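Step one of this worksheet: look at the structure below.
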């Protein structure tokens with residue numbers, strides 16, 4: 001409310017898991033603000049709480065204490081129905097394993113979130129074709145996932161994530177299962193989207209190529225935000241790949 | 001409406017829907033693309049229901065033969081181990097028949113629960129993904145129930161017709177046209193209809209627990225890189 005351009009605000013969030021009898025403090029108080037249209041990467045070694053933080057931002061998990069605000073709505077206040085609505089309309093998910101629904105064609109995959117959102121069939125179809133065109137898969141709209149390559153499946157997933165014009169796209173290692181060139185293409189596609197559509201993109205990643213297009217990189221270590229780097233600072237530390245991206 | 005909605009400001013009318021026709025469409029697609037898995041589930045139902053339908057139809061045929069008061073035919077029947085009721089009375093299934101029937105239906109339901117549990121485990125990722133796209137628990141439940149109903153209906157229809165067909169053919173061979181001269185076709189129709197209803201019910205009963213399990217799944221499962 002104080003700052004309306006914050007699409008995501010994480011305020012003093014902690015998360016504990018009980019592992020058998022012992023309590024594990026995975027997140028130890030995280031504060032974070034992400035502005036609309038930013039391209040954010042969350043980095044950190046495994047076990048640092050990176051994934052937990054990421055899931056929290058995506059409304060997939062609730063904090064033990066503290067609050068996560070998406071579009072200034074406190075996620076932990078929402079009931080199941082409202083959470084489903086949030087996932088449907090506000091957030092687009094991209095997975096490391098693509099998660100294209102196997103029994104549906106590319107177009108049906110893209111239109112599914114629109115069906116949930118109550119958009120009429122014809123409108124959903126048109127929008128779906130438009131989105132597939134955007135990711136360069138229009139000629140393959142009737143293909144089933146097994147007829148598509150990994151990169152193409154991820155493109156379908158990107159189109160699906162955009163279906164209901166979400167404010168945030170949450171990408172969990174989107175290039176993790178792709179080879180270098182296709183990974184590159186997906187990164188370029190995401191960057192293009194964030195620039196042209198003003199979508200906020202938040203990704204958890206290890207991919208250095210991904211870091212270099214990010215506006216900010218959030219390093220998480222041991223349940224805390226270690227440091228936040230802007231892109232210009234990053235380019236210096238990643239000097240080698242710098243030239244490629246200009 | 002309620003005071004609490006004021007706290008959650010600027011949420012417009014929150015609507016997540018899955019129209020009935022769409023869910024049928026998705027269910028049909030899912031059955032088609034997992035044809036063999038569906039076939040296995042359906043086959044156990046076909047067998048159990050055809051047995052039920054056979055016993056039911058047979059009892060109407062026997063009643064018809066008893067009604068004909070044809071001595072030779074009745075003697076053949078009692079030699080075959082059937083307890084012949086007094087003339088004019090309906091033939092009732094024996095306790096042994098009922099017991100076997102009950103067991104076969106029980107085995108069938110357990111089989112359905114088993115295959116459906118496997119189906120749910122297979123589709124964890126898919127269910128999680130749907131939830132990430134905004135599906136509610138009851139959408140998932142709806143999809144599974146519709147799928148089970150369709151499987152149940154098709155399987156039960158095949159089973160009911162097969163069972164009744166076998167009963168009719170068998171007694172036609174044994175007793176000739178006498179078998180169907182006095183039979184109540186109303187009765188046979190009732191036995192087929194009740195078999196189909198029973199089949200749908202058993203199929204839904206079998207899927208209930210697996211479907212609930214699937215519906216309660218957390219969307220976070222889709223994020224886990226698990227195959």
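Every number in this text was worked out from the coordinates using simple rules, so none of it is lab data. None of these values were measured; they are calculated from a predicted model. All Cβ positions, glycine included, derive from the backbone under ideal geometry; neighbour counts span all protein chains shown.
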Original post:
Between the helical axis of B:185-215 and the dominant principal axis of chain B, each derived from Cα atoms, what acute angle in degrees is found, rounded to the nearest 10?
Top reply: 30
Original post:
Bin by bin, in steps of 20 Å, what percent of the Cα pairs in the protein assembly as shown do you find, going until the bin that has the longest distance?
Top reply: 21, 41, 21, 13, 3, 0
Subject >> Degrees between helix A:150-161 axis and first principal axis of chain A (Cα, 0 to 90, nearest 10) >> reply: 80
**OP:** Show that you can apply the helix-only estimate: for chain A, add -39,500 (n - 2.57) for every DSSP H stretch of four or more residues, divide by all residues, and state [θ] at 222 nm to the nearest 500.
**Re:** -11000 deg cm²/dmol
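Answer rounded, prolate or oblate for chain A, using the Cα gyration tensor with square roots of eigenvalues a ≥ b ≥ c: rounded when a/c is under 1.5, else prolate when a/b is larger than b/c, else oblate.
Details: a/c = 1.70, a/b = 1.26, b/c = 1.35.
It is oblate, given that a/c is not under 1.5 and a/b is not larger than b/c.
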**OP:** Mind sorting A:94, B:173, B:49 by how few other Cβ atoms lie within 10 Å of their own Cβ, fewest first?
**Re:** B:173, A:94, B:49
**OP:** Could you tell me which of rounded, prolate or oblate describes chain B, using a ≥ b ≥ c as the square roots of the eigenvalues of the alpha-carbon gyration tensor, with rounded for a/c under 1.5 and, failing that, prolate when a/b is larger than b/c and oblate otherwise?
**Re:** prolate
Original post:
If you count, for every residue in A:82-93, the Cβ atoms of partner chains within 10 Å of its Cβ, what is the mean?
Top reply: 6
Subject >> Shielding by other protein chains, A:169-179, mean Cβ within 10 Å >> reply: 1
**OP:** Would you mind telling me the antiparallel percentage of the DSSP bridges in the protein assembly as shown, rounded to 5?
**Re:** 60
Original post:
Using the per-residue mean of other Cβ atoms lying within 10 Å as a proxy for protection, in what order, highest first, do the peptides A:5-16, B:157-168 fall?
Top reply: B:157-168, A:5-16
Subject >> Gyration tensor (alpha-carbon) shape descriptor, the range A:46-160, a/c threshold 1.5 >> reply: oblate
Original post:
Rounded to the nearest 500, what is chain B's calculated 222 nm mean residue ellipticity when only DSSP H runs of at least 4 contribute -39500 (n - 2.57) each, over all residues?
Top reply: -25500 deg cm²/dmol
**OP:** Would you mind checking the tilt of helix B:95-122 against the longest principal axis of the Cα atoms of chain B, expressed as 0 to 90 degrees and rounded to 10?
**Re:** 20
Original post:
Ranking A:89, A:231, A:195 by Cβ neighbours within 10 Å, fewest first, what do you get?
Top reply: A:195, A:231, A:89
**OP:** Please order A:42, B:31, B:40 by the number of other Cβ within 10 Å, starting at the fewest.
**Re:** B:40, B:31, A:42
Original post:
Counting partner chain Cβ atoms within 10 Å of every residue's Cβ in A:103-109, what's the average?
Top reply: 3
